[in-house]
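For reference, the structure discussed in these notes is given below.
Rule-based calculations on the coordinates, nothing more; no lab input. Predicted model, so just to flag it, every value in this text is computed and none were measured. Quick reminder, even Gly has a Cβ in these numbers, built from the backbone with ideal geometry, and neighbours come from all protein chains shown.
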Amino acid sequence: MCIVYLIAFLFSLTAEQCFSKLIEDSSQSFMERMSTGKTSFVYFGNHVNPTIKLFMEQLEMSADALEDYGISVVKVNCSKDAIANYCTEEKLMTKAYLFRGSEVLRNFDIDTVFDVNAIVSHVLFSVLFNEVRYVHTPAELLRVETAAKQNSDIVVGHIPVLGLPEHRALMEAAFVYGTKYQFVQTTGSLVLKHMGVVDSSSSQARLWFLHCKGVSRQSDPCPSTPMTKPLNTINIHTFLQLMEAPLVTEAMLDPSEVDVVHMHLGVPVLYLFSQPQTQHLDQATAQTLALQLRGEVGVVLIHRNSPNVKTPLKYNAAYRLPQEDVKYFTLNSGEEVVKLFKEELLQEHKLEDEEEDEEHWSDPDILDDEVSESVYRDRDLMLDLESVVELTSDTFQTTVTQNGITVVLFYFKWDAVCMAFIQSYTEVADALEGVNGVQLAAVNCGEWTDICSDQNVTSFPTVLIYRPMSAAQLYRGMLGTKSLHRFILLSLVSSPTHLSSSAEVKSFLEGDVYSKHVYLTPVRVLGLFSSTHDKGVTSFEEAGRLLRGETILGLFAHKEAEQWVEGLSVNLPALLVSHGPGVPYEVYSLPSSSPTDHVALIQRVELDHFPELTVENLPWYLELGKPLLLLFIGKEDSTESTKALAEIKQPLSSGQLDSFLPCWIHLGRTPVGRSILDKYLGFVPPLPALVMSRLKTGGEVFLFPPERPLMAKNVLQWIHDVENRQEQPAGLIPDGKWGPPVPFFDFLAIMDQEAPTYAAQRGPKTKTGRREDHREQKHVTPNQRQTSHTSQNPQAPRQHSEL
Amino acid sequence: MSFTGAAVVDGLMSLIQPLFRLLCVLSLVLASSGSGLHGCNNSVSHEYCVLGAGPAGLQMGYFLSRSQRDYIILERNTGPGSFFHRYPRHRKLISINKIYTGRRNKEFNLRHDWNSLLSDRSDLLFQRISRELYPNADDFPRYLSMFESELGLKVKYGADIGRIKASDFNGSQGYVLTDQNGVSYQCSVLLVSTGLWVPQQVDFLGSDLVEGYESIPTDPEEFKDQAVLILGKGNSAFETAQSILGRASRIHLYSPSPVRLAWQTHYVGDLRAINNELLDTYQLKSLDGLVEGRLEDIAIVRREKDGGKRRTAKKRSQTSTEGKGQLYLTLTELLDNQNGNNISKVTGQNLPGYHTDNFSLRQPYDRVIRCLGFRFNFSIFDGSAQPPQSSGARGRLPGVTAWYEGRGTPNLFVLGTAAHSLDYRMSAGGFVHGFRYTVRAVHKILEQRYHNIAWPATKLPISQLQSWILRRVNEASGPYQMFGVLGDIILLRGSYCEYLEEFPLQALPQLFALSGRPLSDHGLLVLVMQYGLNRTDTLGPGRAESEWTKAWRSNFLHPVLYYYNTLPTEKDMRQRPVGWPLPRPDAVHHMVEDFLTEWDQPISHSQPLRRFLEHCLQTDLRAFYAESCFLLSLTSRTPPLFCRQGYLRKQGIVGNGHLWQHAREAGLMADHQGDITPRDETSVSEYLKHAGAAVVSTMNFDL
């Protein structure tokens, strides 16, 4: 019946697309629909833009597909029929809803249900919510197995990316076979490893059949058969048919006359011939082979004692590939047959696929370095250095002394990292064009090697900041547009800013002076000394010079300085840190020490206590070496996110989280955060999600249970549980070594093969002479003249030859 | 600067030498008799004595002066480079003085400037003196004078050292040099840069009838209508032939080995194309020619007009030189068993033409000229101070160790042309453009041995190694000129490495002693420039290789990297594969020869090099954008090296959306826009455009 259903369905896919099944509802028909209790997928829109137009086309196609599952696809034009709640929704246009009756089963971003495959897969997955189990961890899968043992078999689908055709194929199969088998869907790589997949990095969808029904004891594991073909409706159907077929078919006919389901499904068949005297042994062999080849090859055991079997006795086995004749052979061992099938007969198609994949990176002429490749793809672009002055040996000295600030980039044209950075560098130059006293320049070290050596540049790219009358300052920040731009603008602020009255201090911390540079950084650091004669002042000033461009640093050396630390448990000299107006100041005592120690202290106190981690600031925080308490919040700034942030922030002041680095990642601003979650857990949990990552100690990752409310006290309890080993890690950060990504091209091996003696060391007897012309050495030197050779060579004149 | 058999000291001076020697012996007698009045008994002591103010001597003088060492350069003539006042006889230097390279890289430009000496003064280049591609020989001593005076080098002119003996200075061997005035110089270290200037001679019957290259007239008119036999087939022989090509009636060149063309052998001491006009007149049958045969077997005899049975040669005898009779080349074995002095009685039967009627050299010559090059002057060294004769180069050179110290003469180093025995007929060590670098290398060895200053090394993080190698490969002149002889050594030390420039490769087993740089258990890399197998026709098809996977078959100069886990031993070095500069390594990487000598292309040069380095270092050396490093830093306990040495030190390479898009389209950077990867049409067509472009460039224009 299933087959009929499936085939019918396939026809419907191809044939019925010409007329639309998409229903347009008025408010009245919508109300009626709500009362029927049927399942429907509804989109509310009010106008059409190109994106929506594409979506409507996909929606229309999905109407045909979903009809087969009894789900109607509906659109409502809100400009005509404004349906309460849905048409007034803020997210109108970008959402679609799945109803059962009047109940909303789920809503979808139209980004998620972007095409027909995505719509069908997501809708079916929601409808089948109770039938298809969703698991993230091997433990969850084991629970499902335990429940299914002796009861039903399990179909496990690993779908790395939801909404693609593979996902749809699995959901459709689940709809058809859902009552027969327990369906399990997983997206995580943990389950993948559990199922014995070595290379979990590939994003290929996979499927396994777990034979749980036939398990004799509860303690036995369910044997599994992987599906080797790509995940699509036909292949899944074929595979499930094969799983149903008997392991070994016994027959009394010649191979060409045996009819097994495998032949109809386009699967090779292996025939084994059995003698009456060895029947039991042969049956056992057939069973073993069948288990090994399950899902790929059908096994038939033919009893020779039947007169219908006419195969010559010299053969004991045969096989038949689809659309081919039976081939007979003599079998010596079971392994041989498995090998024959796995390595030869079944490889044809697979080889091609693998080659494509493998060869891609091992092809020596394809760049596998993201920076090199992206720069290489720009090779037809002329480098536009208009706003950057190219310096030469003749102009270098004059240029760097001419401007208030000359920023100089030292680069190589052939270095991809330099050329990637130079794009950012010109962006900065363009942005700063017209800023007085700032000049951006560049030195091509491939040409002006003398300048680069003179300036002691040994690392590329390097950015040095020159000011008249002072030594060049090395730019130590991120090599990116934002960071460098900010650095240069901050460099224009004198460091430290000398403040002479409390009023100026006030302005520096939150007044006019503050607002002048607030767009660069909200943090202000102030050195407080009781007088300018304080010994620490010079050291602090030097630290200020070193931090120029990185920090806005004030210096208040005045008798009034005392006021600013009054009532705080700190004496002068002190360091006052402000993270912006409204945030309470922090105060640290400033022991007299070297400028570099001051620098280290200032850099440390500047750090946020609950930072938003971004690509550009992570290194500052990782340096602390603490386990991360990492909150991931979604793209949309929802109240949930704000609440979660506040909940974590709450215990900060009490110092209960001091052994951690509490921080957060905003997936909208830092989309790579999603990949981090996925790598940590193998799936992306609902957001906001709280994760503890012990990067430096053990590498375990713990997930705050999504079902528990994200509240300060729960979080503290959870941390407590984690520390007491009462929580299971949800993932493990690998400690793999980063070896060579691709094997190198072994010239020595090639030499040895193509010119065997070329690269071989000489034997000990060989003369040690170099490549000199030995003929010369053989000649007698003038002093050791010999006359004896005359007689040896009576035809001497002939010796003189004109070559 | 190349000139075969170049020498530093003027040939004429050899005549005066015995006189000086006599004077000195006299003065020594006087000195020993206790007379303090004579100037000869002065004794001066220096840490370093440099013998000879030629290019090598001045070059060493510069380095000693820069490191503020106590040194003196002793020169018997009144100015530097006096060899070049006489040689080359026809006054044209054949060393390339290429001023216009299209580049402003000073290091790179030295690859094409064969005359300048090294200094930190960028204006002290030879091009200040001459702008000719092949300059006049007079310009070279002028250049040397300028070099000496502008750098204020300490040269003592007019000090003719007649005798050198070894002596014990506080337990180590030093040298005492005595000049013509009896002044003795006590030298802890002696640097011999006297060049090669004694004309090489071969003893055969009648060699007294032969004129030498050193004294032949250079006016072509003197050769008018003369038949000339030149012994030798090197540059001086061809240079001489070329100068008289328009006057002489017939020029034959005779020597044991066939002509070796520099453009075929890549050895600048072989015949340079600038001197090879005679090859033309030979091959186009214009009465000139080349003949091979042993020099030791021949005899040159004069047949007087009345000495033989002459009947028919009257006309011809009138055209020959004024009544002196003509010279015949014959073989010692054909002369009657008398000794060679009796050549006046030469008869027809003593000549090869009598026995073999078509003998090539049967016609008489008006002149026979010897152009056999020069040899080192061993005569000034006392037994204990004398380095042995080299095994190669017909014993014309002093034998030296791999670090240019005389064999058996500790603390005596040989510099310049005289030190060519190590790379004779292989590389450029006998020529200014080569030995200026070996002199620098020797100076670094001196600094380590006598002052404990280790070989200069640049400390680099491993993530910078690849770009540093590419920089050297694309500009360094030392390894380029001294190919196969000097190479850069990279001592691997885990997360960083030390980069030593231009170390003498043959001395690799003694690396630690000579450089003061110990080896770690991470092994070492050696970067060498070398020519290839050279088994194909130099101008024929297939001479150039452009496929990087076949780089080891490159024929032209190209960079080669050798990787050793442990330092090769001397035995390894002795038994190295035939034609190799170094023993078989644990891994080797050839960078494919490049028509433009620019090894900077991402697919053919950089990436293969990176993969080789990755193999040697057993680490991933790929570069990553900050975003990838962010991901890897949070999801891997040890992120890749590039992230550790860049991003995590706050120096990440951020890039921009445009570059990320490229990387994402190439599948190298993850897309994080959610669990859905929309594929739009534009990205595909973009990809195809690039893929198409990559296919086009496999054409080989180097054929």
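Amide H to amide H, with H built 1.01 Å from N, A:LEU105 comes under 5 Å of A:LEU98, A:PHE99, A:ARG100, counting only residues 5 or more places away or on other chains.
Values of log10 I(q)/I(0) for the stretch A:20-115 across q = 0.10, 0.23 Å⁻¹ run -0.22, -1.34, by the Debye formula with one identical scatterer at each alpha carbon and no solvent. If you average the alpha carbon positions of the stretch B:356-400 and of the stretch A:292-322, how far apart do those two centres end up, in angstrom? Their Cα centres are 88 Å away from one another. Rounded is the label for the stretch A:609-735. Its Cα gyration tensor axes, ordered a ≥ b ≥ c, give a/c under 1.5.
Per residue of peptide A:372-384, the mean number of Cβ atoms on other chains within 10 Å of the residue Cβ is 6.
Computing FRET efficiency as 1/(1 + (r/R0)^6) for A:HIS498 and B:ASP120, where r is the C-beta to C-beta distance and R0 is 45 Å, gives about 0.60. Residue exposure proxy: B:ASP208, A:ASP450, ordered by other Cβ atoms within 10 angstrom of their Cβ from fewest to most, comes out as B:ASP208, A:ASP450. Across the stretch A:47-52, coupling constants 3J(HN,Hα) worked out from phi with the 6.51/-1.76/1.60 Karplus curve, θ = phi - 60°, read 8, 10, 10, x, 5, 5 Hz, and Gly and Pro carry x. Working note: Karplus 6.51/-1.76/1.60 with θ = phi - 60° gives the stretch B:646-663 the couplings x, 3, 5, 9, 6, 10, x, 9, 6, x, 9, x, 4, 5, 4, 4, 4, 5 Hz, where Gly and Pro are set to x. Cβ-Cβ distance of A:ASP746 and B:LYS98, R₀ of 51 Å, FRET efficiency by 1/(1 + (r/R0)^6): the value works out to about 0.85. For the stretch A:245-353, the Cα gyration tensor yields ellipsoid semi-axes of 22, 15, 13 Å (square root of five times each eigenvalue, largest first, whole Å).
The count of lysine pairs in the stretch A:245-353 whose Cα atoms are under 17 Å apart, excluding pairs fewer than 8 places apart on the same chain, comes to 6. Find the centroid of the Cα atoms in the stretch A:673-727 and in the stretch A:45-81, then give the distance between the two in whole Å. When both Cα centres are located, 39 Å separates them. Pairs with C-alpha atoms separated by more than 29 Å, drawn from the list A:LYS635/A:LYS713; A:LYS713/A:LYS737; A:LYS229/A:LYS635, are A:LYS713/A:LYS737; A:LYS229/A:LYS635.
Oblate is the label for chain A. Its Cα gyration tensor axes, ordered a ≥ b ≥ c, give a/c of at least 1.5 and b/c at or above a/b.
Sparse packing (at most 11 other Cβ atoms within 10 Å of the Cβ) combined with a DSSP loop state is found for the following trypsin sites (Lys or Arg not before Pro) in the stretch B:534-585: B:ARG535.
Averaged over the residues of peptide B:634-647, the number of Cβ atoms from other protein chains lying within 10 Å of each residue's Cβ is 6.
For peptide A:590-599, the mean count of partner chain Cβ atoms within 10 Å of a residue's Cβ comes to 0.
For the pair the stretch B:259-286 and the stretch B:480-559, the centres of their Cα atoms are 30 angstrom apart. Computed from backbone phi with θ = phi - 60° and the Karplus coefficients 6.51, -1.76 and 1.60, the 3J(HN,Hα) list for the stretch A:493-500 is 7, 5, 9, x, 7, 7, 10, 10 Hz; x is used for glycine and proline.
Inter-label distance, A:MET469 to A:THR521: 2.5 nm, where each label sits 7 Å from its Cα along the C-beta direction. In a reduced charge model with +1 at each Lys and Arg Cβ and -1 at each Asp and Glu Cβ, the stretch B:519-590 shows a dipole moment near 240 debye about its Cα centre.
Could you pull out the trypsin sites (Lys or Arg not before Pro) across the stretch B:228-294 that fall in loop regions by DSSP (anything but H, G, I, E, B) with no more than 14 other Cβ atoms inside 10 Å? Loop-located and lightly packed - B:LYS285.
Which one, A:VAL76, A:PRO50, A:PRO246, is farthest towards the positive end of the dipole of the protein assembly as shown when Lys and Arg carry +1 and Asp and Glu -1 on their Cβ? Going by the Cα projections, it comes out as A:PRO246. Look at B:TYR134, A:TYR97, B:TYR647, A:TYR475 and count the other Cβ atoms within 10 Å of each Cβ; fewest to most, that gives B:TYR134, A:TYR97, A:TYR475, B:TYR647. For chain B, adding -39500 (n - 2.57) for each run of n ≥ 4 DSSP H residues and dividing by the number of residues yields -7000 deg cm²/dmol at 222 nm.
Close lysine pairs were tallied over the stretch A:20-115: pairs 8 or more places apart or on different chains with Cα atoms under 22 Å apart number 15. Shown is the FRET efficiency for A:GLU640 and A:PHE610, computed with R0 = 22 Å from the Cβ-Cβ distance and rounded to the nearest 0.05: 0.80. According to the square roots a ≥ b ≥ c of the eigenvalues of the Cα gyration tensor, what is the shape class of chain B, taking rounded for a/c under 1.5, prolate for a/b larger than b/c otherwise, and oblate for the remainder? Judged from the Cα gyration tensor, chain B comes out oblate (a/c at least 1.5, b/c at or above a/b).
When you filter the trypsin sites (Lys or Arg not before Pro) in the stretch A:417-489 for DSSP loop state and at most 15 other Cβ atoms inside 10 Å of their Cβ, you are left with A:ARG476.
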